[in-house]
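Only one structure is covered here, and it is reproduced in the block below.
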Amino acid sequence: MSGLQARVRERATNPLDVLEQIVAANEWAFERRSDGEMAAEAPGKWCDYGLFFSWSPEISAMHFSCAFDMKVPAETRGKLFELLALANEKLWIGHFGLESEEGVPVFRHSVLLRGAPSASAESLEDMVDIAITECERFFPAFQFVLWGGKAPGDALQAAMLDCVGEA
């Protein structure tokens, strides 16, 4: 590493400091576990979402996950994996996965910040907003597959219907 890179890295601010301000401004419960980790809980329309942020200064990367408040029974995981693949085809940023130990669906995204002095508050707000928006958008499809017995393709199609007009 060159001397310039070392000085830039020293000047780089921890994006978790900015995220802590964003989470506090939204009045969400959070816990700053260390300089490299923070957990928070954000309310949604369908459920509360568990947010987890991990900062690695060594590689200048922020990893973020947004977990659904639902557990996937082992016997329905095959259908859920199919739904995850179909949903991921519709995403521009991030991807859906399943925590193997807990069986919880999650939205994940990582941001590389090498060369940047810090992540902007706007970009971090966008990262969280995109995750919650995508989780809210696909939540009904997860419910249709897990509890409604729908096929993954049918569940996704039903969940993606855009309502027009007013009732």
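Here are a few things to note about the model shown:
- Failed item in (1) within 19 Å of LEU16 (Cβ to Cβ); (2) more than 10 Å from the chain's Cα centre (by Cα), with CYS66 passing the rest: (2)
- The set of residues from the stretch 94-129 being in contact with a helix residue (DSSP H, G or I) (Cβ under 8 Å, 6 or more places away or on another chain), free of Cβ contacts under 8 Å to residues at least 40 places away in the same chain and assigned to a strand (DSSP E or B) comprises HIS95, GLY97, LEU98, PRO105.
- Filter result for LYS90 (farther than 30 Å from THR13 by Cβ and surrounded by fewer than 14 Cβ atoms within 10 Å (Cβ to Cβ)): yes
- Verdict on GLU136 being loosely packed, with under 15 Cβ neighbours inside 10 Å, in contact with a Gly (Cβ under 9 Å, 6 or more places away or on another chain), under 16 Å from ASP69 (Cβ atoms) and in contact (Cβ under 8 Å) with a residue 24 or more places away in the chain: yes
- LEU112 being closer than 17 Å to GLU37 by Cα and surrounded by fewer than 17 Cβ atoms within 10 Å (Cβ to Cβ): yes
Only the coordinates and a few stated rules stand behind these numbers; no lab work does. Just so you know, these numbers come straight off a predicted model, no measurement behind them. Quick reminder, even Gly has a Cβ in these numbers, built from the backbone with ideal geometry, and neighbours come from all protein chains shown.
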